[in-house]
Amino acid sequence: MTTSPTTSPSNASAEVLLQQFEDYLQHEKRYSLHTLSGYKRDLKQFSEWLIEKDNDNILAADSLSVRNWIASLHRQGIGGKTLQRKLSSLRSFYQYLVRKHHLKNNPALDIRAPKTARTLPGTLDADTLTQLLDIKGDDILAVRDRAMMELFYSSGLRLSELVGLDIESIDLEECSLRAIGKGNKTRILPIGKKAVEALKNWLQRRVEMADVEESSLFVSNRGTRISTRSVQQRLDYWRKKQGLEQHIHPHKLRHSFASHILESSGDLRAVQELLGHADISTTQIYTHLDFQHLAKVYDKAHPRARKKK
């Protein structure tokens, strides 16, 4: 049995409601531009599929339409994680329409994406990281890039968090920074010794690149806030220059940070706080302790596992 949403007497057009939903996400939910772009892309893709298949607009979709769309994407080889995100976009949009009394039911509410095996992203070992971060030279780009990469690994930042840092976001006396993460949530993070030294060197040179009124911590050759794409390109540049064959993306530095902290401490909750994960299950995906270490933690901590003295 399918659930068929019913439009209200307002009979607002799909285009108008999609724009209102976008405004709601941007101004009330304060979602990032990256997240907004994902929602818009998913909803547009579903709208176009509906028109092509049934000549319907997105307001007329029922649960069977949503299920068939997800099934068609799955047959194309789209992974479960991506399908879950697309369903989340649909659920959020239709739930918004229900709250605003444009629909009576949410057709995407009880539909789940096919499960796919969770895979662990790769990490860099300590020797590889040392090779990557051992940047020689005192030209201004080398100084800036060394500071960016040291800070990435030191504090486990997301790429968006790194480029979003302002000068006032860091406190080198306290060796800490204030990062604004997903959902506009702020967290305070420590900065390691190597990163502090690299940042001090960069701040001494930053005036050579930055516009007078620019507040961004890291700037491009144009003197304004550096883009995420530029950071990715610079990381790849240094990866090649330092003689590393494996591909290194910014998130691999974040994951290496989490893995190394967890392997040394065994404190999953602390790593969750450092990474800014709302749910600890997300942290579990981003970490990989070997079984021997897990067994030792279990034997030491579990009341039924501890040996009697």
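Here the condition is being of a type in the set (D, E, K, R), in the same structural domain as PHE46 (by TED's automatic domain parsing) and within 20 Å of GLN19 (Cβ to Cβ); of ARG75, ARG67, ARG91, ARG85, it holds for ARG91 alone. If you scan the range 28-67, which residues turn out to be within 30 Å of GLY164 (Cβ to Cβ) and outside any helix (DSSP H, G or I)? LYS29, ARG30, TYR31, SER32 - these are the residues of the range 28-67 that are within 30 Å of GLY164 (Cβ to Cβ) and outside any helix (DSSP H, G or I).
Return yes when SER92 is free of Cβ contacts under 8 Å to residues at least 24 places away in the same chain and of a type in the set (Gly, Ala, Ser) and no when it is not. Against the criterion (free of Cβ contacts under 8 Å to residues at least 24 places away in the same chain and of a type in the set (Gly, Ala, Ser)), SER92 does not qualify.
Scoring ILE226 on the criteria (1) within 20 Å of the chain's Cα centre (by Cα); (2) surrounded by fewer than 17 Cβ atoms within 10 Å (Cβ to Cβ); (3) among the β-branched types (Val, Ile, Thr) leaves a single failure, condition (2). Go through ILE248, ILE167, ILE180, ILE188 for me and flag whichever is surrounded by fewer than 20 Cβ atoms within 10 Å (Cβ to Cβ), more than 23 Å from TYR31 (Cβ to Cβ) and of a type in the set (Val, Ile, Thr). Going through ILE248, ILE167, ILE180, ILE188 in turn, just one is surrounded by fewer than 20 Cβ atoms within 10 Å (Cβ to Cβ), more than 23 Å from TYR31 (Cβ to Cβ) and of a type in the set (Val, Ile, Thr): ILE167. Under the condition of being of a type outside the set (A, V, I, L, M, F, W, C) and touching a helix residue (DSSP H, G or I) at 6+ places or on another chain (Cβ under 9 Å), the residues counted in the range 155-175 number 5.
Looking across the range 204-259, the residues that are of a type in the set (Gly, Ala, Ser), out of contact with any Phe, Trp or Tyr (no Cβ under 7 Å at 6 or more places or on another chain) and in contact (Cβ under 8 Å) with a residue 60 or more places away in the chain come down to SER227, GLY243, SER259. Kindly evaluate GLY122 against the criterion of being in contact (Cβ under 8 Å) with a residue 40 or more places away in the chain and surrounded by fewer than 21 Cβ atoms within 10 Å (Cβ to Cβ). Spelling it out, GLY122 is indeed in contact (Cβ under 8 Å) with a residue 40 or more places away in the chain and surrounded by fewer than 21 Cβ atoms within 10 Å (Cβ to Cβ). Criterion applied to GLU174, GLU161 was being of a type outside the set (Lys, Arg) and under 24 Å from the mean Cα position of the chain (by Cα), and the one residue passing it is GLU161. Comparison of ASP145, ASP134 shows that the only residue that is within 30 Å of LEU199 (Cβ to Cβ), outside the structural domain of GLN19 (by TED's automatic domain parsing), exposed (fewer than 15 other Cβ atoms within 10 Å of the Cβ) and in contact (Cβ under 8 Å) with a residue 40 or more places away in the chain is ASP134.
The values are calculated or read from the model by the stated rules, or taken from the named source; none is laboratory data. All values derive from a computational prediction rather than experimental measurement. Note that we place each Cβ from the backbone using ideal geometry, even for glycine, and neighbour counts take in every protein chain shown.
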